[in-house]
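Chemist: Dropping a structure here in structure tokens format, bear with me for questions.
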Amino acid sequence: MKTSIKVIALVALALTLAGTIRAGESIAGKWTAQFDSQIGIQKYTYEFKVDGTNLTGRAVGITENGKNDVPIIQGKINKDEISFVEALKFDDNDVRIEYTGKVSGDEIKLHRKVGDFAEEDLVAKRVKEAGATPEVKTETSTATNSAPAKP
């Protein structure tokens with residue numbers, strides 16, 4: 001009887017871990033989002049990398065004020081839920097943008113909290129073609145060293 005309980009417990013644990021791994025693998029890759037904020041339309045590309053339950057990568061945001069390209073930090077995956085931080089530097093100020101979200105197929109519904117300034121809900125969609133990124137045209141230069149956009 002004790003052996004049966006151990007086997008059932010091990011199978012349940014294996015299924016739980018398998019679900020986490022599959023969810024993590026489905027998150028890896030490029031995702032794009034566009035949303036309206038206090039500073040206007042923002043266009044983002046998120047590139048997620050997964051290592052177990054850890055989520056890293058880059059967040060590239062483009063507004064009419066410029067372009068931000070920062071690492072994703074403190075990322076976590078728990079089944080279909082994710083959380084991460086975009087650590088933005090604006091002028092001489094550090095601005096912490098916290099994300100929480102839920103993955104469903106090729107979409108991630110995200111909630112974005114910009115310090116104590118603003119909050120937005122957005123939907124990121126998977127970029128399906130390898131290496132494809134959306135072309136974004138703005139009136140200002142989108143060079144990597146452009147002035148960072150205001151959160």
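Chemist: Hey, could you check the stretch 47-68 for residues that are among the small types (Gly, Ala, Ser) and touching a strand residue (DSSP E or B) at 6+ places or on another chain (Cβ under 9 Å) and say which is farthest from LEU88 (Cα to Cα)?
Modeler: So the first thing to find is which residues in the stretch 47-68 are among the small types (Gly, Ala, Ser), and the list is 52, 57, 59, 61, 66.
The next check asks that each one be touching a strand residue (DSSP E or B) at 6+ places or on another chain (Cβ under 9 Å); those that pass are 52, 57, 59, 61.
Values: GLY52: 25, GLY57: 14, ALA59: 10, GLY61: 10 Å.
My answer is GLY52.
Chemist: Run down ILE39, ILE82 and say which single residue is in contact (Cβ under 8 Å) with a residue 40 or more places away in the chain and over 10 Å from the mean Cα position of the chain (by Cα).
Modeler: Result of the check over ILE39, ILE82: ILE39.
Chemist: It is to be established whether one or more residues within the stretch 60-67 are closer than 15 Å to GLY115 by Cβ and of a type in the set (A, V, I, L, M, F, W, C).
Modeler: Scanning the stretch 60-67, I find no residue that is closer than 15 Å to GLY115 by Cβ and of a type in the set (A, V, I, L, M, F, W, C), so the answer is no.
Here is a yes/no grid of residues against (1) within 11 Å of the chain's Cα centre (by Cα); (2) among the acidic types (Asp, Glu); (3) outside any loop (DSSP other than H, G, I, E, B):
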position: VAL60; (1), (2), (3): yes, no, yes
position: ILE73; (1), (2), (3): yes, no, yes
position: LYS76; (1), (2), (3): yes, no, yes
position: LYS89; (1), (2), (3): no, no, yes
position: ASP94; (1), (2), (3): no, yes, yes
position: LYS102; (1), (2), (3): yes, no, yes
position: HIS111; (1), (2), (3): yes, no, yes
position: ALA124; (1), (2), (3): yes, no, yes
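Listed here are the residues, each with its yes/no results for (1) modelled with pLDDT under 95; (2) of a type in the set (A, V, I, L, M); (3) more than 19 Å from LEU55 (Cβ to Cβ).
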residue: LYS89; (1), (2), (3): yes, no, yes
residue: GLU98; (1), (2), (3): no, no, no
residue: LEU110; (1), (2), (3): no, yes, no
residue: LEU122; (1), (2), (3): no, yes, no
residue: ALA130; (1), (2), (3): yes, yes, yes
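The values are calculated or read from the model by the stated rules, or taken from the named source; none is laboratory data. Quick caveat: nothing in here was measured; it's all calculated off a predicted structure. Cβ atoms come from the backbone with ideal geometry, glycine included; neighbour counts cover every protein chain shown.
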